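Contents: one structure, followed by commentary.
The values are calculated or read from the model by the stated rules, or taken from the named source; none is laboratory data. Predicted model only: the values in this text are computed from it and were never measured. Counting neighbours? That spans all protein chains shown, and the Cβs are built from the backbone with ideal geometry, glycine included. To get the accessible areas, we keep the full protein, side chains included, count just its heavy atoms, and leave off ligands, DNA and RNA. Shrake-Rupley method; radii C 1.70, N 1.55, O 1.52, S 1.80 Å.
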Amino acid sequence: MSSAIERLNEKLATIIDLNAATAVLGWDQHTYMPAGGIEARARQLTTLSSLAHEYFTAPEIGNLLTEAENAPGLDPAGEDAALLRKVRREYDQSVKLPAAFVQEHSEASSLCFDAWTRCKPADDFETFRPHLEKMVELTRREAEYLGYAEQPYDALLNKYEPGMPTRQVASLFAEVRDGLVPFCQKLFAKADQVKDDFFFTHWDHDRQWALTLQVLEDMGYDFKRGRQDISPHPFTTDFGIPDVRVTTRIHTDQFKAGLYGTIHEGGHALYEQNVDKRFDRTFLAGGTSLGIHESQSRLWENLIGRSRDFCNYYWPVVKALFPKNMAGVSREDYYRAINRVEPSLIRIEADEVTYSLHIFLRFELEMELISGTLKVKDLPAAWDERMEKYLGIRPDRVSKGCLQDMHWTDGSFGYFPTYALGNLYGVSILDTIRTKHPELLTGVADGSFLPLKEWLTDQVYRHGSRYTAGELIQRITGRGLEAGPFVSYIKTKYSAIYDL
Ligand code: ZN
């Protein structure tokens, strides 16, 4: 008779197939589905996800899990134990929430999202307010159901960055914030030194598309096991290791969004495509945490993609594809324009330097909302005040302030921090490469990224969810996560660009 873990894996494989089918429908919805398909698609997605939920929360899964955890000879440091820990965490998260609560949460989320789509364009916070109050209240209850060690926010963070306590995130972020805010003021004072107007002329759609495909190919993205399409918001999705897809957006009135959207998603996709094939159709396939995932997209997008060597390599390529746009633009102009820094109100338009500040603001406000020290009615004022403190600018309407993101409409409190954690993980990994394997970076100047991709595969990608984020970063860097490397990376790079 097969072992408990084998029987468990067999059951889980069915759920993984259902989730993959759900992902195919989701991919289609955001790429090719005609608008008329939306209601039918919503029903199909609900059917598949409730089936997956039903299978996963069945007592049989719980019993097999317990049996496998107690099987004699299980090596606590081995792959099986890592798999069981991951299944246990997700299983507990699913069964700890009562069905009535899940139903109430799902209905309130739909209403809140719907209100957001109407209130944001109308700059109407008052109509949105009761919906957000409901989501905050539900999220507090969710934290109680899930349980936490020190504070309710731990339970929320644990959904996206397992094992990382709020305390640690708060102290890392405070260190980066205190380093970046005064540095940004110096940069903003010299904003005029870097011009990027030429990026906001007419840029041919098809040539931009061709460039994004070439860059993906150069990065080592495998088109036999993936494809790129267009969607309003770029994303990466996968239906197992053999089929990992990316999307991008192309704007003809500007250059950077398309190329850097592709590089970002390409970084996510390299991770998913290069997980050890043995983990396919198991809970160990897929990146280990959102923060580590984001570290890979941002490593390619910013640390490599906005580096001098990368820009030097692609400058003649871009010049050849877009001779009119690039007339009179020198290599140096191009590199500096790619790295222009400016205070912006909108997170998704923020540059490499200011992006994390947008996250710190949200993280701090989320913690206050969840702990109750900030009331939803006072959110717009608290947002604007902090925006002024960190970036020196103030939104004149809520659509450019606290109503800009959709994350809170479905109660995704605890998600935002993973974006900034990605920046910190990414630079810690880059620092290790620079000190121990500088040869991996020398190829970037010739467009040869494969040695870097191979090293990342060995150190990060192939392990899937085998290690937690904390274990992985310790294995790679020999240390826990630190804020210092990110702050000094930013200061060194941008002091040079802005001649500080
Ligand atoms: Zn991302």
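Return the total of residues in the stretch 217-234 being open to solvent by 20 Å² or more (accessible area, probe 1.4 Å) and either touching a Cys at 6+ places or on another chain (Cβ under 7 Å) or within 18 Å of Ala285 (Cα to Cα) (or both).
2
Return yes or no: is Thr252 over 24 Å from Tyr415 (Cβ atoms) and surrounded by fewer than 23 Cβ atoms within 10 Å (Cβ to Cβ)?
So Thr252 passes the test.
Being within 17 Å of Arg89 (Cα to Cα), in a helix (DSSP H, G or I) and open to solvent by 80 Å² or more (accessible area, probe 1.4 Å) narrows it down to one residue among Glu60, Glu39; which is it?
Glu60
Where in the stretch 186-256 are the strands (runs of 3 or more DSSP E), entirely inside, with at least 3 residues that are not hydroxyl-bearing (Ser, Thr, Tyr)?
Qualifying strands (runs of 3 or more DSSP E): 228-230, 244-248.
If a residue must be closer than 22 Å to Leu187 by Cβ, among the basic types (Lys, Arg) and outside any helix (DSSP H, G or I), how many such residues does the stretch 337-378 contain?
Qualifying residue count for the region: 1.
Identify, please: which residue in the stretch 273-284 is touching a residue at least 40 places away in the same chain (Cβ under 8 Å) and either in a helix (DSSP H, G or I) or within 12 Å of the chain's Cα centre (by Cα) (or both) and is, among those, nearest to the ligand (Cβ to nearest atom)?
Top of the filtered list is Gln273.
Run down Gly287, Gly266, Gly261, Gly328 and say which single residue is within 12 Å of the ligand (Cβ to nearest atom) and outside any helix (DSSP H, G or I).
Gly287
Determine, yes or no, whether Leu299 is assigned to a helix (DSSP H, G or I), out of contact with any Pro (no Cβ under 8 Å at 6 or more places or on another chain), more than 17 Å from Trp209 (Cα to Cα) and open to solvent by 10 Å² or more (accessible area, probe 1.4 Å).
It is false that Leu299 is assigned to a helix (DSSP H, G or I), out of contact with any Pro (no Cβ under 8 Å at 6 or more places or on another chain), more than 17 Å from Trp209 (Cα to Cα) and open to solvent by 10 Å² or more (accessible area, probe 1.4 Å).
Test each condition in (1) buried (at least 22 other Cβ atoms within 10 Å of the Cβ); (2) in a helix (DSSP H, G or I) for Cys402 and report the one that comes out false.
(2)
Mind listing whichever residues of the stretch 454-500 are of a type in the set (A, V, I, L, M, F, W, C), more than 21 Å from Val444 (Cβ to Cβ) and open to solvent by less than 30 Å² (accessible area, probe 1.4 Å)?
Matches in the stretch 454-500: Ala469, Leu472, Ile473, Leu481, Ala483, Val487.
For Pro121, which of the numbered conditions (1) under 26 Å from the mean Cα position of the chain (by Cα); (2) free of Cβ contacts under 8 Å to residues at least 60 places away in the same chain; (3) open to solvent by 30 Å² or more (accessible area, probe 1.4 Å) fails to hold?
(2)
Cβ-Cβ below 8 Å, separation at least six or inter-chain, first residue in the stretch 65-84 and free of Cβ contacts under 8 Å to residues at least 24 places away in the same chain, second part of a loop (DSSP other than H, G, I, E, B): which pairs?
Ala81/Leu74; Ala81/Asp75
Do we have any residue at all in the stretch 123-144 that's in contact with a His (Cβ under 8 Å, 6 or more places away or on another chain) and under 22 Å from Met406 (Cβ atoms)?
Checking the stretch 123-144: at least one residue is in contact with a His (Cβ under 8 Å, 6 or more places away or on another chain) and under 22 Å from Met406 (Cβ atoms).
Restricting the first residue to the stretch 346-361 and requiring it to be free of Cβ contacts under 8 Å to residues at least 12 places away in the same chain, which pairs with a second residue that is buried (at least 22 other Cβ atoms within 10 Å of the Cβ) meet a Cβ separation below 6 Å and a spacing of at least six or different chains?
Ala350/His358
Could you count how many residues in the stretch 408-429 are assigned to a helix (DSSP H, G or I) and either within 13 Å of the ligand (Cβ to nearest atom) or more than 14 Å from the chain's Cα centre (by Cα) (or both)?
Counting residues in the stretch 408-429 that are assigned to a helix (DSSP H, G or I) and either within 13 Å of the ligand (Cβ to nearest atom) or more than 14 Å from the chain's Cα centre (by Cα) (or both) gives 14.
Have a look at Tyr390, Tyr415 and point out the one that is open to solvent by less than 40 Å² (accessible area, probe 1.4 Å) and of a type in the set (Phe, Trp, Tyr).
Tyr390
Determine if the stretch 65-88 includes at least one residue that is open to solvent by 80 Å² or more (accessible area, probe 1.4 Å), touching a strand residue (DSSP E or B) at 6+ places or on another chain (Cβ under 8 Å) and at negative phi.
The answer is no, given that none of the residues of the stretch 65-88 is open to solvent by 80 Å² or more (accessible area, probe 1.4 Å), touching a strand residue (DSSP E or B) at 6+ places or on another chain (Cβ under 8 Å) and at negative phi.
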